[in-house]
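Single-structure report; data block below.
The values are calculated or read from the model by the stated rules, or taken from the named source; none is laboratory data. Quick caveat: nothing in here was measured; it's all calculated off a predicted structure. When we count neighbours, we look across all protein chains shown, and the Cβ atoms used for this are built from the backbone with ideal geometry, even at glycine. Side chains included, ligands, DNA and RNA excluded: accessible areas come from the protein's heavy atoms. Shrake-Rupley method; radii C 1.70, N 1.55, O 1.52, S 1.80 Å.
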2 protein chains.
Amino acid sequence: MTSSIGLNALSSGLDVRLAARNGGLLGHTSGLAAEYVQANCVILPRAHAYDFLEYCLRNPVPCPVLAVSEPGDPRLPVCGADLDIRTDIPSYRIWRAGEMVEEVPDITVFWRLDLVTVLLGCSFSFEHALLAAGIKLRHVEQKKNVAMFRTNIQTEPFGPFGGNMVVTMRPMRPADAIRAVQITSRTPRVHGAPVHLAHAQSIGIKDLAAPDYGDPVDILPDEIPVFWGCGVTPQVALLQAKLDFCITHAPGCMLVTDMLNEDMVEQ
Amino acid sequence: MTSSIGLNALSSGLDVRLAARNGGLLGHTSGLAAEYVQANCVILPRAHAYDFLEYCLRNPVPCPVLAVSEPGDPRLPVCGADLDIRTDIPSYRIWRAGEMVEEVPDITVFWRLDLVTVLLGCSFSFEHALLAAGIKLRHVEQKKNVAMFRTNIQTEPFGPFGGNMVVTMRPMRPADAIRAVQITSRTPRVHGAPVHLAHAQSIGIKDLAAPDYGDPVDILPDEIPVFWGCGVTPQVALLQAKLDFCITHAPGCMLVTDMLNEDMVEQ
């Protein structure tokens with residue numbers, strides 16, 4: 001952690017956003033303000049926003065849209081009071097022609113009146129529900145990033161956006177996997193139910209010990225891998241589209257909103 | 001089929017019951033009156049009924065109680081108009097001291113004023129919901145009985161009743177298995193969600209090709225076995241209790257009720 005302030009003090013979404021805005025928080029947001037929804041952030045020109053949104057809506061499992069801003073407006077009042085998307089994420093990535101050119105703590109100097117912000121749900125929210133149900137998550141226990149894999153599951157393309165689905169993997173005993181299907185079926189705004197389980201090879205994953213993103217975790221003999229749609233999918237689609245210009249959050253450095261994780265669970 | 005009448009004509013629960021009552025139907029009820037709930041039937045003396053009911057209520061997944069009669073009353077109006085439990089099942093088994101002594105098409109001569117009828121849900125009802133969702137069931141396609149296995153999962157004992165859970169097994173692709181968890185989570189009155197999937201050995205099943213009851217079915221390379229609690233479980237508990245006297249339906253020869261399978265699915 002690169003923060004200079006007491007991170008335990010960051011108990012709300014607003015706390016985290018203000019710390020990011022003030023330069024006191026530059027690192028990842030995992031574990032901060034645990035009750036609050038963290039979101040993937042994509043900022044792109046209005047000229048491409050329609051195609052991107054349509055792509056997300058056609059692929060709601062890996063790309064669950066939480067909110068979309070007005071063009072040029074850095075606020076997103078539906079997601080957070082006093083939210084300024086130009087300053088409230090700890091670290092941003094600037095992309096030009098599909099290449100990452102810079103990682104910065106503030107995008108005020110890059111802001112344009114045609115930029116649209118799209119926020120996408122994140123599996124941190126359903127992990128909250130799984131943990132609350134007593135299901136243990138190995139990567140959380142071991143303080144690792146979740147393991148992510150590219151699959152052979154094709155997303156439905158739209159405009160320049162397309163590509164294969166990326167999934168997160170969590171090892172579980174079968175009875176917990178069944179319970180996890182039940183719980184995450186009630187969280188469609190944050191990836192919903194698993195897309196696959198058990199046989200990794202049939203979705204094109206050759207080696208479960210070598211994730212494409214994140215950290216490897218052990219799968220014990222009495223466990224199966226359980227796979228959920230992952231918010232890296234829209235990022236891959238975005239990079240493949242090689243837009244002239246776009247901005248994303250840096251990996252793990254999410255926007256923390258005022259929305260509550262418990263409100264992501266349908267009753 | 002041993003029936004002397006046109007079985008296709010048996011489109012309602014009442015049709016099937018009257019055919020059984022009149023001696024026109026002596027065989028199994030699979031596929032008959034497909035919209036209607038079929039029930040496992042246990043008839044036992046009032047002196048043991050409390051313990052048996054309590055056992056079922058402590059183990060609702062394998063032993064989902066649909067209805068209980070008044071002692072001595074052969075009717076069950078909540079389950080069917082003009083229902084007479086002494087005649088309306090195609091074939092019954094008479095048990096004494098834990099041994100099957102006779103298989104008969106009518107139990108009128110065995111009826112006693114202290115007998116209580118307990119009806120238990122059956123997986124035919126949730127199979128109806130799975131098929132309606134487009135999930136293929138191999139044993140249905142191959143016109144076989146479902147494969148059933150004894151497990152090492154202990155039920156919660158009560159009084160003389162106890163023993164390990166029996167499960168049904170259906171092979172499915174992982175995506176269908178996830179969908180099947182979602183669908184059967186909404187059918188708690190008929191076994192509900194699976195109890196296990198994938199690793200057969202961890203619930204004590206050594207050979208999936210050799211079921212303890214029913215017929216074997218193939219499991220294809222891209223499929224996993226999915227296991228549900230089975231209504232044979234209370235029958236095993238009943239036999240282990242070695243009651244002086246009880247009556248059950250003969251395997252596959254169920255009581256067909258007036259209740260609709262679609263009403264077993266919670267909305």
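Taking only the range B:211-224 into account, find how many residues are within 13 Å of another protein chain (Cβ to nearest Cβ), touching a helix residue (DSSP H, G or I) at 6+ places or on another chain (Cβ under 7 Å) and of a type in the set (A, V, I, L, M, F, W, C).
Of the residues in the range B:211-224, the ones within 13 Å of another protein chain (Cβ to nearest Cβ) are B:219-224.
Keeping just the survivors that are touching a helix residue (DSSP H, G or I) at 6+ places or on another chain (Cβ under 7 Å) gives B:222, B:224.
Now drop any that are not of a type in the set (A, V, I, L, M, F, W, C), which leaves B:224.
Of the residues in that region, 1 qualify.
Of the numbered conditions (1) assigned to a loop (DSSP other than H, G, I, E, B); (2) touching a strand residue (DSSP E or B) at 6+ places or on another chain (Cβ under 8 Å), A:Cys56 fails exactly one; give the number of that condition.
Only one criterion is unmet by A:Cys56, namely (1).
For A:Asp207, indicate whether it is charged (D, E, K, R), farther than 20 Å from A:Glu127 by Cα and free of Cβ contacts under 8 Å to residues at least 12 places away in the same chain.
Criteria met by A:Asp207.
Got a sec? Which of A:Leu239, A:Leu260, A:Leu208, A:Leu243 is crowded, with 18+ Cβ neighbours inside 10 Å and either within 13 Å of another protein chain (Cβ to nearest Cβ) or not charged (D, E, K, R) (or both)? Outline the logic, then answer.
Details: A:Leu239 fails: crowded, with 18+ Cβ neighbours inside 10 Å; A:Leu260 fails: crowded, with 18+ Cβ neighbours inside 10 Å; A:Leu208 fails: crowded, with 18+ Cβ neighbours inside 10 Å.
Every option except A:Leu243 fails the conditions.
Do we have any residue at all in the range B:141-151 that's surrounded by 18 or more Cβ atoms within 10 Å (Cβ to Cβ), within 14 Å of chain A (Cβ to nearest Cβ) and either at pLDDT 95 or above or in contact with a strand residue (DSSP E or B) (Cβ under 9 Å, 6 or more places away or on another chain) (or both)?
The answer is yes, given that some residue of the range B:141-151 is surrounded by 18 or more Cβ atoms within 10 Å (Cβ to Cβ), within 14 Å of chain A (Cβ to nearest Cβ) and either at pLDDT 95 or above or in contact with a strand residue (DSSP E or B) (Cβ under 9 Å, 6 or more places away or on another chain) (or both).
Could you check how many residues of the range A:172-190 are open to solvent by less than 10 Å² (accessible area, probe 1.4 Å) and either assigned to a strand (DSSP E or B) or away from chain B (no Cβ under 14 Å) (or both)?
Number satisfying all stated conditions: 2.
Any idea which of A:Val104, A:Val16 is open to solvent by less than 10 Å² (accessible area, probe 1.4 Å), under 20 Å from the mean Cα position of the chain (by Cα), at pLDDT 95 or above and not assigned by TED's automatic domain parsing to the domain that holds A:Gly163?
The unique qualifying residue is A:Val16.
Can you report the number of residues in the range B:211-227 which are crowded, with 19+ Cβ neighbours inside 10 Å and closer than 11 Å to B:Met169 by Cα?
Filtering the range B:211-227 down to residues crowded, with 19+ Cβ neighbours inside 10 Å leaves B:211, B:214, B:217, B:223-227.
Those still in the list that are closer than 11 Å to B:Met169 by Cα too: B:211, B:214, B:217, B:224-227.
Qualifying residue count for the region: 7.
Somewhere in the range B:191-204, is a residue more than 7 Å from chain A (Cβ to nearest Cβ) and either over 25 Å from A:Leu220 (Cα atoms) or of a type in the set (Phe, Trp, Tyr) (or both)?
yes
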